[in-house]
Amino acid sequence: MKLEELEFKIDYFELDEKFYQKLDATPLNNPHLISYSKSACDLIDLDYEECETPKFVKFINGELVLKGSVPYSMVYAGHQFGYFVPQLGDGRAINLGAVNNWHLQTKGSGLTRYSRQGDGRAVLRSSIREYIMSEHMHALGIPTTRALALIGSTHPVYRSYGETETGAVVLRMSPSWVRIGTFEFFARGKNGEENLKNLAEYVIKESYPHLIGIENRYAKMYSELVDKTAKLMAQWMAYGFMHGVMNTDNMSMAGLTIDYGPYAFMDYFEKHNICNHTDVEGRYSYNNQPHIAKWNLEVLAYNLGKISDFAKLMRYLKNFESLHQKEYLSIMNNRLGLDENLSGDSNLDLIVELLGALESARCDYNCFFYELTKLENLDSLSSILDMCVFREPMQKWFDEYKKIVQAENRSFENRKIQMKKANPKFVIKNYMLQEAIQNAENGDFELTNELLNIAQNPFDEHKDYERYAKPTPVEHANLQLSCSS
Ligand code: AMP
Ligand code: MG
């Protein structure tokens with residue numbers, strides 16, 4: 001389909017206009033295309049060649065508003081690091097409308113009514129990070145918003161003192177941009193209940209259409225979101241993903257990973273790792289993520305409790321841990337090539353022990369699973385032990401692992417097939433992104449595009465990039481990033 005043939009649909013304007021602002025983007029100077037994602041194009045049936053035309057850059061830069069598209073920003077509130085902030089919103093993101101139920105949104109498009117002290121811009125480095133990681137998470141099977149394209153510019157943007165960076169825009173796509181924080185905003189004021197009901201109906205239509213018109217639908221929507229979020233957390237934890245800023249305004253009502261900031265995929269395993277430099281207390285540390293997700297869902301329950309049975313919502317939330325654990329165990333069993341039906345609960349102990357062993361051994365988390373998948377037998381472990389700073393804890397763990405593998409008595413090939421599906425060769429770490437960013441800041445976007453290709457096909461070989469399948473070089477491992485983006 002040609003760009004002009006895209007059909008935009010906007011249902012958000014059914015809500016009261018105090019919940020959004022219709023506005024135009026403020027274009028960047030000298031915009032240019034850096035990259036586009038073919039697999040994201042497929043979601044809206046957009047011809048790939050269209051992305052290589054000047055009008056495509058104009059479209060992302062807000063200079064070309066397509067037929068049926070009415071740009072708007074959404075308001076929301078949120079708990080940031082545990083404290084309620086009554087008004088946040090799309091301070092730099094502009095929605096263009098939905099195509100094929102994918103809401104297109106440009107991030108970094110200038111000031112909006114909700115910009116507060118911000119400048120409405122996004123710098124190149126953070127835009128590359130969001131663009132690549134959105135597509136990577138999808139390729140790993142982890143629910144996420146998507147990214148269709150990335151443009152750069154010569155537009156100066158100031159973040160840290162004395163440094164000038166340049167502005168960029170990511171064209172993001174999501175089945176929904178509604179956040180828990182959106183409910184927190186709607187719940188306030190004199191028509192709170194009515195506004196909440198309208199928003200809940202909107203979210204049901206957008207993300208839970210099978211619930212339209214049925215009894216107790218708000219509570220059902222809540223329970224489905226609890227399920228989705230518990231599973232999402234299990235995927236993050238099993239793959240060592242840390243979001244970094246799990247404020248309620250960054251929690252999706254559709255159970256997706258949204259708003260990529262100072263995130264990281266764990267390098268060497270560290271249970272209490274904190275990837276966000278600003279998170280002094282470790283509220284959003286690796287190990288805290290499921291607890292925080294539950295805390296955020298409790299905030300939602302307080303708000304939805306105004307239009308449905310609060311006690312019932314809280315009763316359902318009690319299932320969070322067991323749902324989370326079940327999903328986590330299932331993924332970890334796949335990653336270890338074990339069959340939970342054969343070994344049952346003993347696998348949980350083995351997994352907990354593995355995490356301890358990985359931490360004591362200082363072993364790269366995802367590389368461990370990739371090397372485990374490649375082992376020819378369990379008697380020659382050198383490829384794994386050589387990755388460990390301290391070998392003994394890992395050696396000990398393998399003694400336990402061998403016992404369970406032997407007791408399960410499944411064929412080696414079977415186990416390998418199971419593991420291959422769960423253990424990608426490549427997991428995109430921050431140091432890889434940093435290399436692509438450094439080149440991009442010097443005007444060379446080849447590595448950004450190569451990394452996108454690896455990110456989108458992490459189970460493939462990519463012979464030229466063997467080094468990215470190896471443990472993170474120690475000088476780059478487990479570093480923190482700041483929120484500034
Ligand atoms: P985040 O935690 O990065 O998702 O952002 C938190 C809030 O700050 C949201 O309301 C954003 O829209 C807003 N924000 C972040 N960066 C900027 C910026 N450069 N200009 C305007 N608003 C921003
Ligand atoms: Mg956000």
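Read-outs: derived from the displayed coordinates by stated rules, not from any lab. Not measured: the values here are computed from a predicted model. Don't worry about glycine lacking a Cβ; one is built from the backbone with ideal geometry, like all the others, and counts go over all protein chains shown.
Computed over segment 347-409, the quotient of the alpha carbon radius of gyration and 2.2 N^0.38 Å is 1.03. Rounded, prolate or oblate, given the Cα gyration tensor of the chain, with a/c below 1.5 counting as rounded? Here the chain falls in the oblate category. Over the residues of the chain, the helix contribution to mean residue ellipticity at 222 nm works out to -13000 deg cm²/dmol, using -39500 (n - 2.57) for each DSSP H run of at least 4. When the Cα gyration tensor is reduced to axis lengths a ≥ b ≥ c, the ratio a/c is 1.5 or higher for segment 201-358, and with a/b not above b/c it is classed as oblate. Test of the criteria: in segment 127-233, which GluC sites (Glu not before Pro) are in a DSSP loop and have at most 11 other Cβ atoms within 10 angstrom of their Cβ? Hits after loop and neighbour filter: GLU163, GLU215. Restricted to Cα atoms, segment 298-352 shows a radius of gyration and a Dmax of 16.2, 46 angstrom. Between ALA122 and ALA168, the built amide H atoms are under 5 Å apart, and every one of these is 5 or more places off in sequence or on another chain. Rounded, prolate or oblate: which fits segment 71-120 when a ≥ b ≥ c are the square roots of the eigenvalues of the alpha-carbon gyration tensor, with rounded for a/c under 1.5 and prolate only if a/b beats b/c? Oblate, since a/c reaches 1.5 and b/c is not below a/b. Annotation: amide H of ALA147 within the under-5 Å range of GLU135, MET173, sequence separation 5 or more or interchain, hydrogens built in the peptide plane.
What separates the Cα centres of segment 94-151 and segment 239-292 is a distance of 18 Å.
A straight Cα-to-Cα reach below 18 Å connects LYS22 with the lysines LYS9, LYS67, LYS107, residues fewer than 8 places away in its own chain not being considered.
Loop-located GluC sites (Glu not before Pro) across segment 446-485 with a Cβ neighbour count of 11 or fewer within 10 Å are GLU461, with loop assigned by DSSP. Can you tell which of GLN480, THR229, LEU199 lies farthest toward the positive end of the dipole of the chain, using +1 and -1 charges on the Cβ of basic and acidic side chains (Lys, Arg; Asp, Glu)? It is LEU199. My understanding is that a pair violates if its Cα-Cα distance is over 25 Å; which of LYS429/LYS463; LYS318/LYS429; LYS374/LYS396; LYS228/LYS396; LYS271/LYS463 do that in this structure? As for pairs spanning more than 25 Å Cα to Cα, those are LYS318/LYS429; LYS228/LYS396; LYS271/LYS463. Around the amide H of ASP267, modelled in the peptide plane, lie the amide H atoms of ASN478, all under 5 Å away and 5 or more residues distant in sequence or on another chain.
Taking the centroid of alpha carbons for each part, segment 299-360 and segment 411-485 are 27 Å apart.
When restricted to Cα atoms, segment 180-249 yields an Rg and a Dmax of 14.4, 44 Å, respectively.
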